Amino acid sequence: MSRHQILPALAVVLVMALGAADPVSHDEAEGTLNAGMAEMSVGGGSEHHFWNGVEIRYPGMDLDCEELWAQFFPDGQKIDRMVASNKVLITITQLGTNAPGIPGKSPGSGTFRIHAALAVYTATNDTITLTGSPEFGQPWVEGAEGTFRGDVLIFERGSSKLRGKNFRMIIRPDALPKGAFDPVKTSQPASPPPVP
């Protein structure tokens with residue numbers, strides 16, 4: 001497995017965790033939202049604002065931030081846009097996946113932490129955009145396989161792609177299967193290069 005294959009594999013784990021219908025096994029799951037202050041539209045309104053220590057707890061995912069805006073589509077059933085800001089921490093616990101090709105000792109499982117100053121979910125293009133962080137000035141993601149960061153990280157959930165600007169990744173040596181960088185052996189002898 002080349003280094004260029006590791007990045008997409010780690011990104012797939014994260015994108016699946018953020019967008020999976022059932023990232024963990026849970027029956028009749030309950031979620032909670034706690035905030036020091038809240039202002040909600042009632043009677044058909046579509047915009048909600050929470051601030052002063054926002055905490056969302058849901059099986060498989062926690063979100064902590066200082067301020068959260070959520071805007072719903074007019075039917076009030078689905079989120080159109082959500083903006084979390086100021087010390088954003090998203091913790092995702094995934095117990096397994098059926099996605100093939102994810103490297104590591106326990107594919108598709110583990111805990112991922114996402115740090116950012118701003119996290120924006122937009123339903124129209126099904127993306128999560130991360131910018132800034134208090135510690136590095138860049139958003140970063142940490143998991144069992146290592147960490148990665150960039151000036152901007154954009155997760156395209158529909159296509160399971162990650163885009164980053166000024167990207168940097170650190171991979172733990174024990175995250176890869178033994179022999180991941182060994183040359184591929186073939187049963188046929190290598191042909192000599194053509195003579196010019």
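Considering every residue within the stretch 161-170, establish whether at least one is farther than 17 Å from M61 by Cβ, at pLDDT 90 or above and out of contact with any strand residue (DSSP E or B) (no Cβ under 8 Å at 6 or more places or on another chain).
Looking for residues that are farther than 17 Å from M61 by Cβ, at pLDDT 90 or above and out of contact with any strand residue (DSSP E or B) (no Cβ under 8 Å at 6 or more places or on another chain), one finds at least one in the stretch 161-170, hence yes.
State all residues of the stretch 46-98 that are of a type in the set (F, W, Y) and touching a helix residue (DSSP H, G or I) at 6+ places or on another chain (Cβ under 9 Å); if no residue qualifies, say none.
Answer for the stretch 46-98, where residues must be of a type in the set (F, W, Y) and touching a helix residue (DSSP H, G or I) at 6+ places or on another chain (Cβ under 9 Å): there is none.
Answer with yes or no whether A29 is at pLDDT below 80 and farther than 25 Å from R149 by Cβ.
yes
Restricting to the stretch 103-137, name every residue that is polar (S, T, N, Q), over 18 Å from L63 (Cα atoms) and modelled with pLDDT under 90.
S106, S109
Can you run down the residue pairs with Cβ atoms below 9 Å, 6 or more apart or on separate chains, where the first is in the stretch 163-177 and basic (K, R) and the partner is assigned to a helix (DSSP H, G or I)?
Going by the 9 Å Cβ cut-off, there are no qualifying pairs.
The values are calculated or read from the model by the stated rules, or taken from the named source; none is laboratory data. Quick caveat: nothing in here was measured; it's all calculated off a predicted structure. Every residue, glycine among them, receives a Cβ derived from its backbone with ideal geometry; neighbour counts consider all protein chains shown.
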